[in-house]
Structures are given as C-alpha cells and as structure tokens.
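Okay, so here's the structure we're looking at.
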Amino acid sequence: MFVISEAEIDERIVHERFACDVVKCKGACCTLPGGRGAPLEDGELKELEPAFPVVRKFLSERHLRAIERSGLYEGGPGSFTTTCVDGGACVFVYYEDDVARCSLEKAFHEGELQWRKPVSCHLFPIRISSDGTSSVRFEELSECKPALVRGNVERVSLYDFLKDALIREFGRPWYEEFRKECHRRDGTQRAADSE
C-alpha cells in the first residue's frame with residue numbers, strides 16, 4: 001500500500017498487466033450475478049435520466065421491461081447502483097455477437113452522449129472505496145482472466161490501461177504523480193517502456 005495525495009493505493013495495481021478481451025470474457029463485468037448493478041455516485045443519477053431516451057434504442061424488450069418495472073437505478077444515497085435484469089445483467093447492457101456491451105458507452109462513442117458511463121464501470125477492475133480517505137484497490141475476478149493473459153502478452157500495465165478512467169476520477173496531475181510512482185516501484189515496466 002502507498003499513498004498519492006491522500007489516496008491509498010493497492011500495491012498490486014503497480015504490477016498487474018491487464019487489457020480487456022471482451023471476445024473471450026463476453027463482457028462478464030456487465031453481467032455478474034448477484035442482484036446489484038454498477039455502483040453509482042449520487043451525482044451520476046442526474047446523468048442517467050437524460051441518457052435513457054438516447055440509449056433505449058439499443059436495449060432489448062426484456063431490458064426495457066425491467067426498466068419500466070424497476071427503474072434505471074436502485075438503492076439510496078451513498079449506495080445507488082444500476083438496476084439489473086433478473087439479478088444479472090445491468091439494464092444498460094445490449095448484446096452484440098453474444099458479447100455484453102454498454103449502451104451508454106456506445107452512445108458516447110457515437111457522439112450522442114457527453115457522459116461516457118458510470119465511473120465505477122470505467123475504472124473496473126479497480127474499485128474505490130472511501131472512509132474519509134480513498135482506497136484504490138484491484139478487484140480480481142475469475143471472469144477477467146482473459147484480460148490478465150492479454151495484458152501480459154501485450155505488456156499493458158493496469159494503470160496504463162485505465163489511464164482515462166483514473167484521470168476522470170482523480171485528475172491528470174494526480175495520475176502523472178501516480179504513474180511516476182508506479183514506474184519507480186516497478187522496474188520491469190520501466191524496462192518495457194524503454195524498448
């Protein structure tokens with residue numbers, strides 16, 4: 001564990017190699033069983049409401065019925081999540097060639113939304129919890145094994161793979177300081193960068 005501007009960082013983040021391979025995992029992070037969807041910051045609720053009319057065209061009838069029945073999100077202040085369909089897929093999931101994908105991100109990349117998706121999704125498999133101090137940790141799931149394999153083959157560090165998400169959450173100055181510290185702690189990455 002080390003600290004960057006009051007954020008406690010899990011040392012594993014320095015050393016993990018990671019690059020999503022959705023063809024192999026089938027977008028498992030969007031469909032994890034358990035009945036709770038993607039964690040939402042309270043302020044993100046105001047993004048979901050106007051996003052829904054934009055993304056509804058990507059969603060299946062089953063997902064639209066779930067939204068009609070249960071809404072876009074559930075929970076209370078400090079613990080909101082997206083709603084799930086039958087305790088599994090996030091209601092914002094659509095399927096393309098048997099791969100679960102995010103309708104919010106699709107609309108963002110197509111220029112239809114300014115908001116990309118919940119920051120918890122953007123940061124995954126990094127999770128952030130806060131008890132006055134942010135705790136930044138790597139959450140290892142068996143479903144993400146293909147991403148670990150690909151990250152090692154392509155020599156992509158987890159912190160570089162999630163650069164945009166980390167900048168979104170903490171800002172560019174924080175990320176630059178964090179990345180320098182990761183390089184200092186991980187000599188193998190510095191050697192790879194110099195090739």
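Nothing in this text is a laboratory measurement; each read-out follows from the coordinates by a stated rule. Only a predicted model underlies this, so the values are computations on that prediction, with no experimental measurement involved. All Cβ positions, even for glycine, are placed from backbone atoms using ideal geometry, and neighbour counts span all protein chains on display.
Counting DSSP beta bridges in the chain, what percent are antiparallel, to the nearest 5? Spell out each step's value before the answer.
On the way: 17 of 20 bridges.
Antiparallel: roughly 85 percent of the beta bridges in the chain.
Sequence-distant or interchain residues sharing an amide H contact under 5 Å with Y73, placed H: which?
For Y73, whose amide H was placed from the backbone, the distant partners under 5 Å are T83.
Whose amide H sits under 5 Å from the amide H of S134, counting only residues 5 or more places off or on another chain, with H placed in the peptide plane?
Hits under the 5 Å cutoff: E8.
Give me a comma-separated list of calculated 3J(HN,Hα) values for region 81-87, in order, Karplus coefficients 6.51, -1.76, 1.60 applied at θ = phi - 60°, integers in Hz, x for any Gly or Pro.
9, 5, 6, 10, 9, 6, x
P(r) tail for region 52-195, what percent of Cα pairs lie past 27 Å?
Numbers: 3467 of 10296 pairs.
In whole percent, the share of Cα-Cα pairs in region 52-195 beyond 27 Å is 34.
I'd like the orientation of helix 145-154 relative to the chain: the angle between its Cα long axis and the longest Cα principal axis, in ° from 0 to 90, rounded to 10.
Tilt relative to the chain: about 40 degrees.
What's the Cα-based Rg to Rh of region 76-157, Rh via Kirkwood?
Values: Rg = 15.1 Å, Rh = 15.2 Å.
When Rh is taken as the Kirkwood radius, the ratio is 0.99.
Choose one of Y159, V93, T82: the residue whose Cα lies farthest towards the positive end of the charge dipole of region 70-170 (beta-carbon charges +1 Lys, Arg; -1 Asp, Glu; about the Cα centre).
It is Y159.
Assigning unit charges at the beta carbon (Lys, Arg +1; Asp, Glu -1) and nothing else, what dipole magnitude in debye, to the nearest 20, does region 1-80 show about its Cα centre?
Numbers: 11 positive and 14 negative charges, 142 e Å.
Computed charge dipole of region 1-80: roughly 680 debye.
Which of rounded, prolate or oblate describes region 1-60 when judged by the alpha-carbon gyration tensor and an a/c cut-off of 1.5? Before the final figure, lay out each step's value.
Working: a/c = 2.62, a/b = 1.45, b/c = 1.81.
Oblate is the answer for region 1-60, as a/c is 1.5 or above yet b/c matches or exceeds a/b.
Whose amide H sits under 5 Å from the amide H of R17, counting only residues 5 or more places off or on another chain, with H placed in the peptide plane?
The list, which skips near neighbours in sequence, is L158.
Too long at a 18 Å Cα-Cα cut-off: which of K46/K117; K24/K163; K26/K145? Before the final figure, lay out the partial values.
Working: K46/K117 12 Å; K24/K163 23 Å; K26/K145 12 Å.
With Cα atoms farther than 18 Å apart: K24/K163.
Which FRET efficiency value, to the nearest 0.05, do you get for E41 and E11 by plugging their Cβ-Cβ distance into 1/(1 + (r/R0)^6) with R0 = 22 Å?
Details: r = 26 Å, r/R0 = 1.17.
So, using R0 = 22 Å, E works out to roughly 0.30.
Given region 34-113, report the % of alpha carbon pairs whose separation exceeds 21 Å. The partial results should precede the final answer.
Details: 679 of 3160 pairs.
Roughly 21 percent, once rounded to a whole number.
Helix 45-55 sits at what angle to the longest principal axis of the chain, using alpha carbons and giving 0 to 90 degrees rounded to 10?
Once rounded, one gets 70 degrees.
Under a point-charge model restricted to the Cβ atoms of Lys and Arg (+1) and Asp and Glu (-1), what is the dipole moment magnitude of the chain relative to its Cα centre, in debye to the nearest 20?
Its charge dipole is roughly 320 debye.
For helix 172-185, what angle does its Cα long axis make with the longest principal axis of the chain, in degrees from 0 to 90 and rounded to 10?
For 172-185 against the chain, the angle is about 50 degrees.
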